[in-house]
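The values are calculated or read from the model by the stated rules, or taken from the named source; none is laboratory data. On a predicted model such as this, the values are computed, not experimentally measured, just so you know. Note: ideal-geometry Cβ built from the backbone for every residue, glycine included; neighbour counts use all protein chains shown. Heavy atoms of the whole protein, side chains included, go into the accessibility calculation; ligands, DNA and RNA do not. Shrake-Rupley method; radii C 1.70, N 1.55, O 1.52, S 1.80 Å.
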Amino acid sequence: MNMRKKVIAGNWKMNKLLGEAVQFVEDTKDKVASKDKVESVVCAPFPYLPTLVEKTKGTNLEIAAQNMHFEESGAFTGEVSPSMLADIGVTYVVLGHSERREMFDDTDGVVNKKAKAAFAHHLTPIICVGETLDQREANETKSVVETQVKAALEGLSEDQVKESIIAYEPIWAIGTGKTATSEQANEVCTHIREVVADAVSAAVADAVRIQYGGSVKPANVDELLAQSDIDGALVGGASLEADSFLQLVEAGS
Ligand code: PEP
């Protein structure tokens, strides 16, 4: 058993209205396990962040953004900066989710700039990587993920890499109900740890947290979290209901 604390992050994507978001945090904020046992994070849409940060102050539930721009300020209509997130008390930010890579041009270079910007504002980045079904079938999973991880972490200090959270999310398993088997998931997470060891150091690789994401739910989370190199989960669909999110957090604690 390693010493890495598990991180359970619920990614709501573009779901919920404000009342539903508030109800969710009211239902969960006093029930999630303490921060020294597990990190419990809700990644909410931008308009709800200030309210949810206020409502969860002093609790064990952390609030994350699902994206941000890398620039500080300026002529970027429709964008949100790292300093804006830090200013309202957001503590984590999801970067390079496959939906953003596919639909919003979040390239490896952009993800790297965003990771640097996150650390400049004391935000913990949850950096997403993962292969498409075609890439898996062409036996390219490890090389694709290696390229994404190296690019995302380039130029970060050892401490910053250690504090980063990497989410391995095979694209074919996101929102499809197809979970990678725990062995498949662990094999890639082990590879990511080796990539970090090679790029930075063995000590940093041993400390960095690597989540699995892709159709995680209460029924499969225990088996996934029992794997040697899986340190948590990034969860979409099964994080939308308070009960289900609480079960996932419980599994991580
Ligand atoms: C995700 O949103 O990152 C995700 C893994 O979604 P789901 O759990 O619904 O597959």
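Restricting attention to the stretch 238-253, the residues that are surrounded by fewer than 19 Cβ atoms within 10 Å (Cβ to Cβ) and more than 16 Å from ALA33 (Cβ to Cβ) total 2. For the subset of the stretch 217-234 comprising residues that are closer than 18 Å to TRP12 by Cβ and open to solvent by 10 Å² or more (accessible area, probe 1.4 Å), which member is farthest from the chain's Cα centre (by Cα)? Of everything passing the filter in the stretch 217-234, PRO218 is farthest from the chain's Cα centre (by Cα). Of the residues making up the stretch 85-96, those that are in contact (Cβ under 8 Å) with a residue 12 or more places away in the chain and open to solvent by 10 Å² or more (accessible area, probe 1.4 Å) are ALA86, ILE88, GLY89, THR91, TYR92. Scanning the stretch 7-20 for residues that are away from the ligand (no atom under 16 Å from the Cβ) and touching a helix residue (DSSP H, G or I) at 6+ places or on another chain (Cβ under 7 Å) gives a single hit, LEU18.
Which residue, of ASP105, ASP87, is at pLDDT below 95 and either under 18 Å from TRP172 (Cβ atoms) or more than 17 Å from the chain's Cα centre (by Cα) (or both)?
Working: ASP87 fails: at pLDDT below 95.
One residue alone meets the criteria, ASP105.
The set of residues from the stretch 137-181 being within 26 Å of ASN220 (Cα to Cα), under 14 Å from the mean Cα position of the chain (by Cα) and either away from the ligand (no atom under 16 Å from the Cβ) or free of Cβ contacts under 8 Å to residues at least 12 places away in the same chain (or both) comprises VAL149, SER164.
Does SER164 satisfy the criteria of being modelled with pLDDT of 95 or more and open to solvent by less than 60 Å² (accessible area, probe 1.4 Å)? Please lay out each step first, then the result.
Values: modelled with pLDDT of 95 or more: yes; open to solvent by less than 60 Å² (accessible area, probe 1.4 Å): yes.
So SER164 fits the description; yes.
Each residue in the stretch 118-130 was checked for being open to solvent by less than 20 Å² (accessible area, probe 1.4 Å) and over 16 Å from the mean Cα position of the chain (by Cα), and 0 pass.
Per-residue answers, yes or no, for (1) of a type in the set (Phe, Trp, Tyr); (2) closer than 21 Å to PRO45 by Cα; (3) in contact with a His (Cβ under 7 Å, 6 or more places away or on another chain):
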site	(1), (2), (3)
GLU71	no, yes, no
GLY78	no, yes, no
SER83	no, yes, yes
ASP106	no, yes, no
LYS162	no, no, no
TYR168	yes, no, no
ALA173	no, no, no
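Among the conditions (1) closer than 28 Å to THR107 by Cβ; (2) away from the ligand (no atom under 16 Å from the Cβ); (3) of a type outside the set (Asp, Glu), LEU61 misses just one, which is (1).
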